[in-house]
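Visitor: Quick one: the structure is below, and I'll ask about it shortly.
The values are calculated or read from the model by the stated rules, or taken from the named source; none is laboratory data. Bear in mind that the values here come from a model prediction, so they are computed numbers and not experimental data. Cβ sites come from the backbone with ideal geometry, for glycine too, and all protein chains shown count toward neighbours. These area figures cover heavy atoms from the full protein model, side chains too; ligands, DNA and RNA do not enter into them. Shrake-Rupley method; radii C 1.70, N 1.55, O 1.52, S 1.80 Å.
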Amino acid sequence: MATIIPFKGLRPVNDKVHLVASRSVDTYTQEELNEKLATNPYSFLHIINPDLGDGIKTKPGSSERLRKIKSKYLQFINETLFTKDVNPCYYIYQQKKEGNTYTGIIGCSSIEDYFNGVIKIHEQTLTEREKKLQQYLEVCDFNSEPVLFCYPDDKQIDTIVGNFTKSEPTYNFTTTDKVTHRLWVVSDPSIIRIIEDRFKLIQAIYIADGHHRSASSALLGKSRMEKNKNHTGKEAYNFYLGIFFPETQLKIYDFNRLVNDLNGLSESEFLKKISEKFTVEEKKQLYVPDQLHNFCMYLCGKWYSLRAKNEIYNDNDPLESLDVHILTKHLLSPVLNIGDLKTDKRISFVSGIKGMQELKKQVDSLKYKVAFGLFPISMQQLKKIADTNNTMPPKSTWIEPKMRSGLVIYSLSE
């Protein structure tokens, strides 16, 4: 039974929302970030990266930086760049990007659900990063970028959402990356009750993106709970910001691999070595994998199809059957001597949203020697990994949509 509650969202005022809401700071190059900060005084990036305001540089994650973030956040509130809903609401969010439409509900998930397994995970988290994000939340006291969840499609929720999307949205704007964003505020208590009750009938929800944000929010809530002698379970720290999509609404892209060198092997030696575990076929033009256990490879100006031989994988094993696992176990590790995917500097990753052409571009630039493209993981594979308490290798999926920061904010101090 999933607990997903409405909340009193803090939102940009209507005439500034297109200026305030920003992509995640990690998606900007330093040059792009500098330009945004210099040309848009309303961007949420000023809160996340507050040093521009006073010219005093602080170390990312330091207590000085966190205090400046909180101060800039309060400054935005004092300058009435945000408005706060009087009563708890849900928020229906819709994004249109490159011909795809994604529609979900913004609400708050429960840390109790995280600890008791109603919230399912498929990715390992790093303890150090968890603690850094927990410290960020402790000082700054708000969630501005929702965790991306998915749930089994529900016809009654779909009907409610569909009716709202036929009406005039509260927000309707298109950003410079040609993505359209719409948002509807759900404030009617009777509709809120239906949505909340429908979510209670759902046995499990799955984190699609935001495992570290979930883990750090849960740790923060647990810490504050232990310190609060009058804890009731209704305090703001018991919940954290999420956006919930029906599982058919999300799009999972491949996450592809680039490797610097052939580990001392010649091209012919390398091809011979990988032929032990894969059926290798040269292609005359750009090649895209057409099914599970089929990979593409770009090497020395040539495209190849690699098909994993039947004896190297087990389709009945959720982890062993993943193509990201097969490629690592039978090629990247034994042939190219790639160690930990999280730390090995000889391997890089590129999202499938950029297409296989990006692999050719990167290898032709001579920065990399070889590239591998994968067939996308399915939603059923992702759920099976989570349901069996397995975790995927790093950089296994690229999931759309990507949310903007500062569109709806959840305060942790109410």
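Visitor: Since E130 meets every condition but one in (1) open to solvent by 40 Å² or more (accessible area, probe 1.4 Å); (2) at pLDDT below 95; (3) closer than 20 Å to V25 by Cα, which condition does it not meet?
Guide: Looking at each condition in turn, E130 falls short on (1).
Visitor: Please specify each residue of segment 368-381 satisfying the condition of being more than 25 Å from E320 (Cα to Cα) and free of Cβ contacts under 8 Å to residues at least 40 places away in the same chain.
Guide: Those that are more than 25 Å from E320 (Cα to Cα) and free of Cβ contacts under 8 Å to residues at least 40 places away in the same chain: none in segment 368-381.
Visitor: Next question, about the same structure. Can you confirm whether I77 is at pLDDT 95 or above, touching a Phe, Trp or Tyr at 6+ places or on another chain (Cβ under 7 Å) and open to solvent by less than 70 Å² (accessible area, probe 1.4 Å)?
Guide: Considered against the rule, which asks whether it is at pLDDT 95 or above, touching a Phe, Trp or Tyr at 6+ places or on another chain (Cβ under 7 Å) and open to solvent by less than 70 Å² (accessible area, probe 1.4 Å), I77 comes out as no.
Visitor: Now for a different question. Here's a check for you: in segment 401-414, which residue that is out of contact with any Asp or Glu (no Cβ under 7 Å at 6 or more places or on another chain) and crowded, with 20+ Cβ neighbours inside 10 Å is nearest to I47 (Cα to Cα)?
Guide: Ranking the qualifying residues of segment 401-414, first place goes to G406.
Visitor: Let me ask something else about it. Determine, yes or no, whether K84 is more than 18 Å from G242 (Cβ to Cβ), charged (D, E, K, R), surrounded by fewer than 21 Cβ atoms within 10 Å (Cβ to Cβ) and touching a strand residue (DSSP E or B) at 6+ places or on another chain (Cβ under 8 Å).
Guide: Answer is yes for this residue.
Visitor: Are there any pairs, at least 6 apart or on different chains, whose C-beta atoms fall under 7 Å, with the first in segment 9-24 and more than 14 Å from D177 (Cβ to Cβ) and the second surrounded by fewer than 16 Cβ atoms within 10 Å (Cβ to Cβ) and of a type in the set (A, V, I, L, M, F, W, C), and if so, which?
Guide: So the pair list comes out as V17/F173.
Visitor: Need pairs with beta-carbon distance below 7 Å; first residue on the phi > 0 side of the Ramachandran plot and within segment 386-414, second surrounded by fewer than 18 Cβ atoms within 10 Å (Cβ to Cβ) and not hydroxyl-bearing (S, T, Y); sequence gap 6+ or separate chains.
Guide: K395/L341; K395/F349
Visitor: Now for a different question. What is the one condition in (1) of a type outside the set (F, W, Y); (2) touching a residue at least 12 places away in the same chain (Cβ under 8 Å); (3) surrounded by fewer than 22 Cβ atoms within 10 Å (Cβ to Cβ) that G99 does not satisfy?
Guide: Among (1) of a type outside the set (F, W, Y); (2) touching a residue at least 12 places away in the same chain (Cβ under 8 Å); (3) surrounded by fewer than 22 Cβ atoms within 10 Å (Cβ to Cβ), G99 violates only (2).
Visitor: Restricting to segment 61-70, count the residues that are within 24 Å of M403 (Cα to Cα) and either loosely packed, with under 11 Cβ neighbours inside 10 Å or over 21 Å from the mean Cα position of the chain (by Cα) (or both).
Guide: Residues in segment 61-70 being within 24 Å of M403 (Cα to Cα) and either loosely packed, with under 11 Cβ neighbours inside 10 Å or over 21 Å from the mean Cα position of the chain (by Cα) (or both): 5 in total.
Visitor: Something else now. Tell me, please, whether a residue that is in a loop (DSSP other than H, G, I, E, B) and of a type in the set (K, R) can be found in segment 6-15.
Guide: yes
Visitor: Another question, then. Restricting to segment 236-275, count the residues that are part of a loop (DSSP other than H, G, I, E, B) and open to solvent by less than 30 Å² (accessible area, probe 1.4 Å).
Guide: Total satisfying the criteria: 3.
Visitor: Looking for something farther than 21 Å from K84 by Cβ, modelled with pLDDT of 95 or more, in a loop (DSSP other than H, G, I, E, B) and open to solvent by less than 50 Å² (accessible area, probe 1.4 Å) - is there at least one such residue anywhere in segment 142-150?
Guide: No, because not a single residue in segment 142-150 is farther than 21 Å from K84 by Cβ, modelled with pLDDT of 95 or more, in a loop (DSSP other than H, G, I, E, B) and open to solvent by less than 50 Å² (accessible area, probe 1.4 Å).
Visitor: Then there's this: Within segment 17-27, take every residue that is farther than 12 Å from E145 by Cα and in contact with a strand residue (DSSP E or B) (Cβ under 9 Å, 6 or more places away or on another chain) and give me the one that is surrounded by the fewest Cβ atoms within 10 Å (Cβ to Cβ).
Guide: Applying the filter and picking the extreme gives L19.
Visitor: All but one of (1) open to solvent by 20 Å² or more (accessible area, probe 1.4 Å); (2) in contact (Cβ under 8 Å) with a residue 40 or more places away in the chain; (3) assigned to a loop (DSSP other than H, G, I, E, B) hold for H122; which doesn't?
Guide: For H122, the exception is condition (1).
Visitor: Please go through segment 276-302 and give me each residue that is in contact (Cβ under 8 Å) with a residue 24 or more places away in the chain, in a strand (DSSP E or B) and within 14 Å of F372 (Cβ to Cβ), ordered by number.
Guide: F278, V280, N294, F295, C296, M297, Y298, L299
Visitor: What are the pairs with Cβ atoms under 6 angstrom where one residue, in segment 320-343, is farther than 17 Å from G373 by Cα and the other, located anywhere, is open to solvent by 10 Å² or more (accessible area, probe 1.4 Å) and part of a loop (DSSP other than H, G, I, E, B)? Sequence gap at least six, or different chains.
Guide: E320/Y313; E320/N314; N337/N263; K342/P394
Visitor: Hey, among the residues in segment 166-182 that are assigned to a strand (DSSP E or B) and among the hydroxyl-bearing types (S, T, Y), which one's farthest from N14 (Cα to Cα)?
Guide: Here the residue is T180.
Visitor: Quick one: which helices (runs of 4 or more DSSP H) sit completely within segment 314-393 and have at least 1 residues that are open to solvent by 10 Å² or more (accessible area, probe 1.4 Å) and in contact with a strand residue (DSSP E or B) (Cβ under 7 Å, 6 or more places away or on another chain)?
Guide: The helices (runs of 4 or more DSSP H) meeting that bar are 357-364, 379-387.
Visitor: Is there a residue in segment 37-45 that is more than 23 Å from E130 (Cα to Cα) and touching a residue at least 24 places away in the same chain (Cβ under 8 Å)?
Guide: Yes, segment 37-45 has at least one match.
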